[in-house]
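Report on one structure; see the data block that follows.
The values are calculated or read from the model by the stated rules, or taken from the named source; none is laboratory data. Predicted model, so just to flag it, every value in this text is computed and none were measured. Cβ coordinates were reconstructed from backbone atoms using ideal geometry, including for glycine residues, and neighbour counts include every protein chain displayed.
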Amino acid sequence: MRNMVRSQLMLAAALLLAGGVCFAQSSGEALYKSKCQMCHGARGLAETPAAKAMKVKPVTDPEVKKFTEAQMIDAVRNGMGKMQPYKGKLTDAQIKESVDFFRTFLK
Ligand code: HEC
């Protein structure tokens, strides 16, 4: 009996943990979709009309692949080319989350 209670507690803890991880991932994704996708495309391929007009490079471009995470965070924080600076509009944590999501397209 005691064992059963314990395993149910473990299960509850595992579910809570999984929920937390899931939330962290989807907030970067939600940010990307609302703030970045119109220029960088759903998969970072810069296939949207806005991307073409602003000459956004796709994630398949070697120039983009060379970027480190820190350089990307910098580009988003301070702006790059026609991309506005997000400093003051998004928190540093939000910038990192959206860049992290963007980086999942780099493979
Ligand atoms: C108005 C269009 C626009 C929006 C919105 C936008 N970007 Fe950009 N982004 C650009 C342009 C233009 C560049 C510079 C040209 C290039 O090299 O792709 C750029 C460059 C970058 C780079 C540097 C690497 C690269 O692809 O050249 C990163 C990383 C990046 N953007 C991430 C983001 C993230 C994350 C967001 C959302 C918070 C975002 N961008 C929103 C247009 C945009």
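Restricting attention to the range 83-107, the residues that are at pLDDT 95 or above, over 8 Å from the mean Cα position of the chain (by Cα) and assigned to a loop (DSSP other than H, G, I, E, B) add up to 7. Of A70, A30, A42, all but one fail to be under 11 Å from the mean Cα position of the chain (by Cα) and more than 9 Å from the ligand (Cβ to nearest atom); the exception is A30.
In this structure, does Q25 turn out to be more than 7 Å from the ligand (Cβ to nearest atom), in a helix (DSSP H, G or I) and modelled with pLDDT of 95 or more?
Working: more than 7 Å from the ligand (Cβ to nearest atom): yes; in a helix (DSSP H, G or I): yes; modelled with pLDDT of 95 or more: no.
Here the answer is no, as Q25 does not meet what is asked.
Helices (runs of 4 or more DSSP H) fully within the range 32-82 that include at least 1 residues being of a type in the set (V, I, T) and surrounded by 12 or more Cβ atoms within 10 Å (Cβ to Cβ): 62-65, 69-78. Restricting K65, K55 to residues that are over 15 Å from L31 (Cβ atoms) and in contact with a Leu (Cβ under 8 Å, 6 or more places away or on another chain) narrows the list to K65.
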